[in-house]
1. For a quick check: sort MET1, MET81, MET104 by the number of other beta carbons within 10 angstrom, fewest at the front.
2. Size of the dipole of the range 42-98 about the Cα centre, Lys and Arg at +1 and Asp and Glu at -1 on the beta carbon, nothing else charged, in debye to 20?
3. How many nm is it between the label spots at VAL25 and SER83, if each spot is 7 Å from the Cα in line with the beta carbon?
Amino acid sequence: MPIAFIARCIGSELVADCRAAVIAVQQLPLPIQRRSPGPAPPAVACIQVDGGRIQLRPRAAEPHSADSWWRETKVSCLLAMTSEMHVEDPTPHLPETLIDPAQMAEISREIKAFLGAAEPLEPAPEAVERVPLRK
């Protein structure tokens, strides 16, 4: 049997199943149609992302070979956030770490989010016309 024929048959079955599911949902009362088909989404969601460098060395590689094993990593995590309700703020005062400007500047430089106040920001370089390199 040719692959195109099998793909058409399976595709036709999937389209028929999809149309039948649409008709089944349309026959439900409107409030039920509006419900999420899966679990209820969280009230608050958070995406945390990070990137960095990781060193990966093949097991068969020589210990001091000239190859670079450093690679860039990109990771992320999707979290559902929850919290208890409070009448008053449970932490009305900032932690001492966040109040001290010198310590905040050090933390900021460590995470590379922004430069501390002690170092002035450099102006953005003007656009430079890129010329392709010739080999």
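Each reported figure results from applying straightforward, stated rules to the coordinates on display, with no laboratory input. Keep in mind it's a predicted model, so treat the numbers as computed, not measured. All Cβ positions, glycine included, derive from the backbone under ideal geometry; neighbour counts span all protein chains shown.
1. If I rank by nearby Cβ atoms, fewest first, I get MET1, MET81, MET104.
2. 540
3. Label at VAL25, label at SER83, 3.3 nm between them.
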